[in-house]
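First up is the structure itself, then whatever we jot down about it.
The values are calculated or read from the model by the stated rules, or taken from the named source; none is laboratory data. As the structure is a prediction and not an experimental result, all values here were calculated from the model. No Cβ is skipped: glycine too gets one built from the backbone with ideal geometry, and neighbour counts run over all protein chains shown. When the accessible area is computed, the model is the full protein with side chains, heavy atoms only, and any ligands, DNA or RNA have been set aside. Shrake-Rupley method; radii C 1.70, N 1.55, O 1.52, S 1.80 Å.
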Amino acid sequence: GGAVRFLMTDANYGPLETFPITIQSYSGASASNTFTLRPASGNVVTLTGSSTQALIVLSGSDYVALDGSNLVGGSSRDWTLDNQGAGSNAVIWIGSNGSNGATNNTVRNLRVRGSGAGTLVGVGIGGPTVSLTSNGNNNAANRIENVRAERAQVGLYTSGSPAGGKAT
């Protein structure tokens, strides 16, 4: 085990991708065994796609970091995610998978852009389905920092089921 970092080296991603890009929970995830996706040093990156759900979905994932700064520990927004899909979608969605909550994830230093009135949420935390009534179970300790949301009805959404553990 150990921490894994994927560094994006190209300026543009998306035309050949199938969306959503879903990151599931994985065995051994911990504070020292994290998964980080970020631009490589000095790179400015755009991920463009069309999804009726979200461009990136963290489904019951733990210890995942989506960090848009191209400097370790930086605060610049060097990664833009642009969901051009129609429907009640999100740009990034963090959701529980049944009773398996998404915990200890970080979304920071990003620009998230929707398609306008069709995009419901910029960054959301809830259940498995994108909606403004999506109650997740056992989602906890997730952080959203320094994210600029554009062309979305709701910039940031979080909700949890009273019986299944609130989102924190």
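Going through Gly73, Gly85, Gly116 one at a time, which residue ends up being without any contact (Cβ under 8 Å) to a residue 12 or more places away in the chain and outside any strand (DSSP E or B)?
Gly73
Of all residues in region 37-48 being part of a strand (DSSP E or B) and open to solvent by less than 30 Å² (accessible area, probe 1.4 Å), which is nearest to Asn142 (Cα to Cα)?
Looking at residues that are part of a strand (DSSP E or B) and open to solvent by less than 30 Å² (accessible area, probe 1.4 Å), I get Arg38.
So, in region 88-101, how many residues would count as being in a strand (DSSP E or B) and open to solvent by less than 10 Å² (accessible area, probe 1.4 Å)?
Residues flagged as in a strand (DSSP E or B) and open to solvent by less than 10 Å² (accessible area, probe 1.4 Å) within region 88-101 amount to 7.
For region 102-140, which positions are open to solvent by 50 Å² or more (accessible area, probe 1.4 Å), at positive phi and at pLDDT 90 or above?
Correct list: Asn104 only.
Of the residues that make up region 26-36, is at least one crowded, with 20+ Cβ neighbours inside 10 Å and either over 21 Å from Thr158 (Cβ atoms) or not small (Gly, Ala, Ser) (or both)?
no
May I ask you to verify whether Ser61 is under 12 Å from the mean Cα position of the chain (by Cα) and either open to solvent by 20 Å² or more (accessible area, probe 1.4 Å) or in contact (Cβ under 8 Å) with a residue 24 or more places away in the chain (or both)?
When the stated conditions are applied, Ser61 passes them.
Could you check region 49-58 and list, in sequence order, the residues that are touching a Phe, Trp or Tyr at 6+ places or on another chain (Cβ under 8 Å) and open to solvent by 40 Å² or more (accessible area, probe 1.4 Å)?
Ser50, Gln53
Restricting region 1-25 to residues that are open to solvent by 50 Å² or more (accessible area, probe 1.4 Å) and among the small types (Gly, Ala, Ser), which is farthest from Gln53 (Cα to Cα)?
Per the stated criteria, the residue is Gly1.
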